[in-house]
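Every number in this text was worked out from the coordinates using simple rules, so none of it is lab data. All values reported here derive from a predicted model rather than from experimental measurement. Every residue, glycine as well, gets a Cβ built from its backbone with ideal geometry; the counts of neighbours run over all protein chains shown.
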Amino acid sequence: MPASSVLAYAAVGSLGLAVLLAVVGFRALAVARGVTRVRVPARLLSEAPSLGGEYVEVEYPAPDGSLLRTRIHVFRVRAPGQPYVFDGTVWVDPTRPTDVTPRRQGRTTGAVVTLVLAGVALVGTVGCLIAAGVVRFAETLPI
């Protein structure tokens with residue numbers, strides 16, 4: 001089997017992987033964005049620095065009135081209208097009071113990582129196709 005064919009098959013496999021990862025990533029992103037959350041006040045108990053933000057331990061009211069505690073990561077955001085640090089509120093899923101995030105959108109890190117991997121696989125597909133074309137051309141040259 002010529003090397004160009006192997007590279008072409010690798011490109012097809014990489015494209016299939018990219019499509020699969022993209023579908024999984026976009027579905028996970030839609031699920032994360034589809035969770036209805038309510039904003040509740042939270043009391044800052046402690047904070048510890050981390051890369052890109054702080055880990056904060058907060059106390060917030062549960063739907064039944066009891067106080068719950070959790071530790072969440074708050075990213076530093078330098079954008080107009082966005083708080084730079086913890087703003088004293090958290091977003092809670094009313095059906096699962098322990099699902100807490102510092103922003104309304106929800107947990108999207110896994111979905112974003114999956115979409116980035118899909119992009120890497122797509123770049124790999126393009127690289128394999130270019131390499132297959134170059135190798136195919138080299139295979140046709142007389143020796």
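Using 1/(1 + (r/R0)^6) with R0 = 22 angstrom and r between the beta carbons of Val116 and Ser50, what's the FRET efficiency to the nearest 0.05?
Values: r = 20 Å, r/R0 = 0.93.
Efficiency, from the Cβ-Cβ distance: 0.60.
With semi-axes √(5λ) of the Cα gyration tensor in Å defined as stated, name the option among (i) 26, 19, 14; (ii) 75, 14, 7; (iii) 48, 16, 10 computed from the structure displayed.
(iii)
Tell me what the chain gives for mean residue ellipticity at 222 nm when only DSSP H runs of n ≥ 4 count, each as -39,500 (n - 2.57), the sum divided by the residue total, rounded to 500 deg cm²/dmol. Don't skip to the answer; put the middle values down first.
On the way: 2 runs with 64 residues, N = 143.
Calculated mean residue ellipticity at 222 nm is -16500 deg cm²/dmol.
Let me make sure I get this right: for the stretch 37-81, a, b and c are the square roots of the gyration tensor eigenvalues over alpha carbons, sorted descending. Under 1.5 in a/c it's rounded, otherwise prolate if a/b > b/c, else oblate. Which is it? The partial results should precede the final answer.
Values: a/c = 3.22, a/b = 1.61, b/c = 2.01.
It is oblate, given that a/c is not under 1.5 and a/b is not larger than b/c.
For the stretch 1-77, what is the Kirkwood estimate of the hydrodynamic radius, computed as the reciprocal of the mean inverse distance between distinct Cα atoms, to one decimal in Å? Please report the intermediate quantities before stating the final value.
Values: mean 1/r = 0.0592 Å⁻¹.
By the Kirkwood definition, the hydrodynamic radius is 16.9 Å.
Specify the angular offset, from 0 to 90 degrees and rounded to the nearest 10, of the alpha carbon long axis of helix 3-34 from the longest principal axis of the alpha carbons in the chain.
Once rounded, the angle reads 20 degrees.
Compute a Gaussian network model of the chain, connecting alpha carbons closer than 10 Å, and tell me which residue from Leu45, Leu29, Leu117 fluctuates the most.
Leu45
Quick one: length gained pulling His73 to Thr140 fully straight, 0.36 nm per residue minus the C-alpha distance? Walk me through the numbers before you get to the answer.
Details: separation 67, 0.36 × 67 = 24.12 nm, distance 5.67 nm.
In short, 18.4 nm is gained.
Hey, rough spin-label estimate for Val126 and Ala30, points 7 angstrom out along Cα→Cβ, what's it come to in nanometres?
Going from the Val126 label point to the Ala30 one covers 2.6 nm.
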